[in-house]
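S.K.: A single structure is presented below for examination.
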Amino acid sequence: MTGWMKFFTGCALIALVGACAPVPQPPLQPLTAPAVNSGGKVAKIDNFQIILDSSLSMEEGGKYFITARDIASRINQGIPADLSYNSGLRTFGHNSYQSQHPTDLVYGMTRHERQAFHDSLGQIKYIGGTSPLGAALGSAAQDVKAAGGQSALIIISDGLDMDNAPAAAKQAKDQLGDDLCIYTIAVGNERNSMGHKVLEKVAQAGQCGFATSAAKLADAHAMSQFVSAVFLTEPAAQPAPAPAPAPVVRDSDGDGVPDHLDQCPNTPRGVAVDAKGCPLDSDGDGVADYLDKCPGTPPGVRVDTEGCPTVLSLRINFGFDSANVSTEFDSELAKAAACISNYPGHEVAIIGHTDSAGPEAYNQTLSERRATAVKNALVERFNVPATKMTTQGMGESKPVADNNTEEGRAFNRRVDVACGYDVE
């Protein structure tokens, strides 16, 4: 080889080496945006990882990687500082000057710190390799699985030369199930629909994420909405406060009516009461049902303490062994007639009595005769309907005076009219 040939050959080699040497990416601008907060929302996920495409196709036009890196930086700055997440930053397809591996975890997985994440993003300087997104997805799935909880993968790429990526995304989803959502952000010429469609399939494999593009996230409002959709959710509705415990209501007599409403305290146990706590008096005679031995007394009828109608004792002076009702006792019969006329019931009992002189059986018959005599006198002299009266004899069994005296025996020879009124 001549000297000139060696010269030209050497120059060619020098030129070739110089042409292949990678050019570092422009420095990442420092953080300037102030930290934001959640605005009352809560964390939707526990972990996230941004997967950044550093392959050769991202160098096209000298701007696609810069666009992708800028999006990753804006996402980092838009994450609410008042919420806690575990985060990671993974690259794939970089130049060998950057790494000898097809994919690298350059930050995390660790508690997210905005400045530390930003610094790691700035360390990605050399791009230009192949596009092994499938390998990056497999590694990312293991990263977030180890962290535990709900996770999101955010892929920023042009989608070119990675046809196996949708299958890898499906495999990651199969591993983590509902704990994983996948989001893709397409960069590059949107007219190159092939790469965008691949990224859409990757997002669809995640089922709960979605696909978008750098162009759609260009303004601050759109980016804020993206961060909110991925990282935030509304807080769960708070359960209604437990009602205040009901005040202790005393019911001393156990009748079901509280003491402060009970107008009849100390009602015996088991007695039916009304809303005021007073024993029921169904027939309204003033005697409570539980004491009333004559329930169903018609309204207006006077009763005794046992709820039974009071009686009118006629002062008819029956002679010894006599059932005769002479006209001299018509004033007494008039009282009985008035009482019967006013009695609202259907029948009035005419009850005969005797003193204790004579055999008991005879006295029973005599008392019945006296009752019948009074009934007949009321029918004949005062036109009282016979149907309103019934007769009954009590014999000597119901004395009202001492049978050992003549005066007492005279009182016992009587007839009572159970009409319910005291007629003077």
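S.K.: Could you size up the charge dipole of the range 30-233 around its Cα centre, putting +1 on the beta carbon of Lys and Arg and -1 on that of Asp and Glu, and report it in debye to the nearest 20?
M.R.: Rounded to the nearest 20 debye, it is 220 debye.
S.K.: Just to confirm a number: summing +1 for Lys and Arg and -1 for Asp and Glu over residues other than Gln392 whose beta-carbon lies under 15 angstrom from that of Gln392, what do you get? Don't skip to the end; give the middle numbers.
M.R.: On the way: positive: Arg369, Arg370, Lys375, Lys388, Lys398, Arg414; negative: Glu347, Glu368, Glu396, Asp416.
Charge balance near Gln392 sits at +2.
S.K.: Next up: Taking 21 Å as the cut-off for C-alpha to C-alpha distance, list the pairs among Lys170/Lys216; Lys293/Lys398; Lys44/Lys201; Lys63/Lys170; Lys335/Lys388; Lys335/Lys375 that go past it.
M.R.: From Lys170/Lys216; Lys293/Lys398; Lys44/Lys201; Lys63/Lys170; Lys335/Lys388; Lys335/Lys375, over 21 Å: Lys170/Lys216; Lys44/Lys201; Lys63/Lys170.
S.K.: Another question, then. Which entry is the computed volume of the Cα convex hull per residue in Å³ for this structure: (i) 161; (ii) 295; (iii) 175?
M.R.: Among (i) 161; (ii) 295; (iii) 175, the one calculated here is (ii).
S.K.: Can I ask one more? Running a GNM on the chain with Cα contacts under 10 Å, which residue among Gly149, Gly122, Gly408 ends up with the highest mean-square fluctuation?
M.R.: In the Gaussian network model the winner is Gly408.
S.K.: Under a crude label model (7 Å from the Cα following the beta-carbon direction), how far is Glu380 from Phe210 in nanometres?
M.R.: Calculated label separation equals 11.3 nm.
S.K.: In addition: Per-residue HN-Hα couplings for the range 350-367, Karplus 6.51 cos²θ - 1.76 cosθ + 1.60 at θ = phi - 60°, whole Hz, x for Gly and Pro?
M.R.: 9, 10, x, 9, 9, 7, 8, 6, x, x, 4, 4, 5, 5, 4, 5, 4, 5
S.K.: Let me ask something else. Run lengths n ≥ 4 of DSSP H only: what is the helix-derived mean residue ellipticity at 222 nm for the chain, with -39500 (n - 2.57) per run over all residues, to the nearest 500? All intermediate terms of the calculation are to be shown ahead of the outcome.
M.R.: On the way: 10 runs with 138 residues, N = 424.
The helix contribution divided over the chain gives -10500 deg cm²/dmol.
S.K.: Straight-line reach from Lys125: which aspartates and glutamates fall under 14 Å, measuring Cα to Cα and dropping same-chain residues less than 8 apart?
M.R.: Reachable aspartates and glutamates: Asp53, Glu59, Asp70, Asp104.
S.K.: What is the gain in length, in nm to one decimal, between Cys294 and Gln29 on full extension, counting 0.36 nm per residue of separation less the C-alpha to C-alpha distance?
M.R.: Contour length minus Cα-Cα distance gives 84.9 nm.
S.K.: So in the chain, what percent of DSSP beta bridges are antiparallel if you round to the nearest 5?
M.R.: Among the beta bridges of the chain, antiparallel pairing accounts for roughly 40 percent.
S.K.: Turning to a different aspect of this structure: Please work out whether the range 68-196 counts as rounded, prolate or oblate from its C-alpha gyration tensor, where a ≥ b ≥ c are the square roots of the eigenvalues and a/c under 1.5 means rounded, while otherwise a/b larger than b/c means prolate and anything else oblate?
M.R.: On the way: a/c = 1.44, a/b = 1.14, b/c = 1.26.
Judged from the Cα gyration tensor, the range 68-196 comes out rounded (a/c under 1.5).
S.K.: Continuing with the same structure: Test of understanding: in a Gaussian network model of the chain with alpha carbons linked when under 10 Å, which of Lys41, Lys63, Lys375 would top the mean-square fluctuation ranking?
M.R.: Checking each option, the largest mean-square fluctuation is seen for Lys375.
S.K.: Give me, ordered by chain and number, the residues 5 or more places off Gly393 or on other chains with an amide H under 5 Å from its own placed amide H.
M.R.: HN-HN under 5 Å from Gly393: Gly352.
Since every read-out is calculated from the coordinates, none of them should be taken as a lab result. Owing to the predicted nature of the structure, the values given are computational and were not obtained by experimental measurement. Neighbour counts run over all protein chains shown; Cβ positions are idealised from the backbone, glycine included.
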